[in-house]
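*Asks:* There's a structure below that I have some questions on.
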Amino acid sequence: MITDDEAGFAEFVAGRQAALSRTAYLLTGDHHLAQDLVQAALLQAAKHWKRIHTSPEAYVRRAMYHQNISWWRRRRILETALVEHDSPSVAPDTDLRLSLDQALGHLTPRQRTVLVLRFYEDLTEAETARALGLSTSTVKSTTRQALARLRTLAPELAQLIGADA
């Protein structure tokens, strides 16, 4: 017999897994690591479902950010520049997408995570700082450094990055 808690968790996973997977891919740059990251975060969420059921998405996303950081600290993984893309409709300009993937792969894990949270997840500097356990000034400087590095690594991305971002 399935309990209400189990049904609620299953409904959350079914409804949010695709969005969580996209964020995990942006964090890791690797489809397989992204799947592992989502599964690890969902496992944590399942263990604490009774406590977090009112706001599970925030809990799972924060778990993904922290798990990803833990993985970087334990081992250094060389990211591949070329990856398969499931949906060409997401990025009609394949060359631009590949340039972005390659440039993101050259950022430090912290820089990549800050950019994903700030510009993909659309979090404020303060929200990003809270999610990562950093100061707001660290988020600001990391964002500035990451964008400068992207401009250097891939000048063709200037239209995405902006001149003054």
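The values are calculated or read from the model by the stated rules, or taken from the named source; none is laboratory data. Small disclaimer: the values here were computed from a predicted structure and weren't measured. Positions of Cβ are generated from backbone atoms using ideal geometry, with glycine treated the same way; all protein chains shown enter the neighbour counts.
*Asks:* Within segment 20-36, is there a residue that is over 21 Å from ALA131 (Cα atoms), at pLDDT below 90, under 13 Å from the mean Cα position of the chain (by Cα) and not β-branched (Val, Ile, Thr)? Step through it out loud before you land on a result.
*Replies:* Keep residues of segment 20-36 that are over 21 Å from ALA131 (Cα atoms), which gives 30-32.
From the residues that got through so far, the ones that are at pLDDT below 90 too are 30.
Then keep just the ones that are under 13 Å from the mean Cα position of the chain (by Cα); that gives 30.
Checking which are not β-branched (Val, Ile, Thr) leaves us with 30.
Yes, because at least one residue in segment 20-36 is over 21 Å from ALA131 (Cα atoms), at pLDDT below 90, under 13 Å from the mean Cα position of the chain (by Cα) and not β-branched (Val, Ile, Thr).
*Asks:* Would you say THR136 is modelled with pLDDT of 90 or more and either out of contact with any strand residue (DSSP E or B) (no Cβ under 8 Å at 6 or more places or on another chain) or within 18 Å of THR28 (Cβ to Cβ) (or both)?
*Replies:* On the way: modelled with pLDDT of 90 or more: yes; either out of contact with any strand residue (DSSP E or B) (no Cβ under 8 Å at 6 or more places or on another chain) or within 18 Å of THR28 (Cβ to Cβ) (or both): yes.
Here the answer is yes, as THR136 does meet what is asked.
*Asks:* While we're here: Which residues, taken from segment 95-128, are surrounded by fewer than 18 Cβ atoms within 10 Å (Cβ to Cβ), modelled with pLDDT of 90 or more and either β-branched (Val, Ile, Thr) or on the phi > 0 side of the Ramachandran plot (or both)?
*Replies:* THR124
*Asks:* What number of residues in segment 48-82 are modelled with pLDDT under 85 and either more than 30 Å from LEU134 (Cα to Cα) or among the charged types (D, E, K, R) (or both)? Please lay out each step first, then the result.
*Replies:* Going through segment 48-82, the residues modelled with pLDDT under 85 turn out to be 53, 69-82.
Still in the list and also either more than 30 Å from LEU134 (Cα to Cα) or among the charged types (D, E, K, R) (or both): 73-76, 79, 82.
Here the count works out to 6.
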